[in-house]
Amino acid sequence: MPSEFQCWMSHGDSAGTLPEGFEVTAATENTPIAAVAHPEKQFYGLQFHPEVEHSINGSLMIKHFLFDVCNCEKNWTMDSFSEGAVEQIKDAVKDKKVIMGLSGGVDSSVAATLIHKAIGKNLHCIFVDNGLLRHNEKTQLEKRLGNNLDMNIRFVDAAQTFLDALKGVTDPETKRKIIGNEFIKVFEAEARKIPGAAFLGQGTLYPDIIESKSAFGGPTSIIKSHHNVGGLPEKMQLKLIEPLQLLFKDEVRKLGLALGIHEDLVWRQPFPGPGLAIRIMGEITAKRLDILRQTDVILLEEIRNAGLYRKLWQSFAVLLPIKSVGVMGDKRTFAHCVAIRAVTSNDAMTADWARLPHDLLGKISNRMINEVEDINRVVYDITSKPPGTIEWE
Ligand code: XMP
């Protein structure tokens, strides 16, 4: 371990004096006691965050502590995690039924696969097609989970219901509220068709609960009584089952692979619940959804061909609420404008705009304009988060 390195600390309190038997093992310019040790009793304390990426050597410190001080064994593997989780789910659920919403994303797919492994046909998944999905989303999910794993999945086509509810709406927050409420209505109606459901499965990850300071640790840590699906669990008297609640995204991906989920699904970039609605500025219509989907397909195809899909946290197209003048062939055009958004990030809390190669951007722009009717201009978003957000609405 080098004698000097960068670590991440952000706090208002500091220790003024050392307790008896302790010695200072690290200090900074303005924190004379940044780490302490009691060599005889093998007590160690840190006043910085070894677990964050910005603390160089942080993982090394944690490793020393676990294996050299605590003599832990390296027996936590994805397989052992998976086996333990399956046993816990079996114990908790017994012969009852679990219902679960599938979004087509990594988290819910991995959670469902784990629950399915534990209770098989007693898991009932519901996939709500809200008409705001990317091209082919439903078919892919059906292929990857439904057919391959023989999972009970109910597909509900609610596209028209969502479109009707969103008619004429342009305000981003109103869009989100309408979509959230419609989802609950549709999900609840479908869930009521499954008699005897006692649990609601969810793909909640550790970062989702970090701030709720939940207490965990016992064999029933996989079951929690809190609820965050718009009051649904409470209303239907369901208990939540969240088998991924102690995992981070990269671990969920590893688990997904260990469970045999196809890597296309495991490596999917995150996609927001309100879907393409928050990537269409202004009113959502079937026509505008169609335009956005076509540009999005081109974007993803080119990003994949360039070998960049997994390196980017997200990459997508945004349909802007403006039309601009152009010239195609010998004709003047007045058509829609699309923005390309591509970001790198670890956790979506902060993100940097991706430095995509200019040639790639050029190719994407050409294809969008040539292949999608009604598009005559493409721009690239060079805003990081903060101050921007990843999504445009
Ligand atoms: P923002 O736009 O806030 O997004 O920087 C951060 C991450 O969250 C996703 N996102 C959502 N996911 N429901 C979701 O399930 C939502 O309402 C929602 N809004 C944003 C976004 O895609 C990004 O990964």
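Things to note:
- Considering Phe162, Phe183, Phe187, the condition of being open to solvent by 50 Å² or more (accessible area, probe 1.4 Å) and among the aromatic types (Phe, Trp, Tyr) is satisfied by Phe183 alone.
- Residue that is surrounded by the most Cβ atoms within 10 Å (Cβ to Cβ), among those in segment 59-79 that are among the hydrophobic types (A, V, I, L, M, F, W, C) and under 30 Å from His116 (Cα atoms): Met78
- Residue tally, condition within 16 Å of the ligand (Cβ to nearest atom) and either part of a loop (DSSP other than H, G, I, E, B) or open to solvent by less than 50 Å² (accessible area, probe 1.4 Å) (or both), over segment 372-393: 12
- Among the residues of segment 232-246, the ones that are among the hydrophobic types (A, V, I, L, M, F, W, C), part of a loop (DSSP other than H, G, I, E, B) and in contact with a helix residue (DSSP H, G or I) (Cβ under 6 Å, 6 or more places away or on another chain) come to 2 in all.
- Residue match in segment 316-333 (condition: in contact with a strand residue (DSSP E or B) (Cβ under 9 Å, 6 or more places away or on another chain) and within 12 Å of the ligand (Cβ to nearest atom)): yes
- Single match in Asp150, Asp208, Asp164 (criterion: closer than 20 Å to Ile284 by Cα, out of contact with any Phe, Trp or Tyr (no Cβ under 8 Å at 6 or more places or on another chain) and either assigned by TED's automatic domain parsing to the domain that holds Val128 or at pLDDT below 95 (or both)): Asp164
- Considering segment 80-115, and only residues there that are open to solvent by less than 30 Å² (accessible area, probe 1.4 Å) and among the hydroxyl-bearing types (Ser, Thr, Tyr), the residue that is nearest to the ligand (Cβ to nearest atom) turns out to be Ser108.
- Residues in segment 356-366 that are surrounded by 15 or more Cβ atoms within 10 Å (Cβ to Cβ) and more than 28 Å from the chain's Cα centre (by Cα): Lys363 only.
- For the residues Met61, Met100, the requirement of being in contact with a Leu (Cβ under 8 Å, 6 or more places away or on another chain) and not assigned by TED's automatic domain parsing to the domain that holds Gly180 singles out Met61.
- Of all the listed residues (Ile369, Ile298), the sole one being more than 27 Å from Tyr206 (Cα to Cα), more than 14 Å from the ligand (Cβ to nearest atom) and open to solvent by less than 20 Å² (accessible area, probe 1.4 Å) is Ile298.
The values are calculated or read from the model by the stated rules, or taken from the named source; none is laboratory data. All of these numbers come straight from a predicted model, not from anything done at the bench. All Cβ positions, glycine included, derive from the backbone under ideal geometry; neighbour counts span all protein chains shown. We work out accessible area using only protein heavy atoms, side chains counted, and drop any ligands, DNA or RNA first. Shrake-Rupley method; radii C 1.70, N 1.55, O 1.52, S 1.80 Å.
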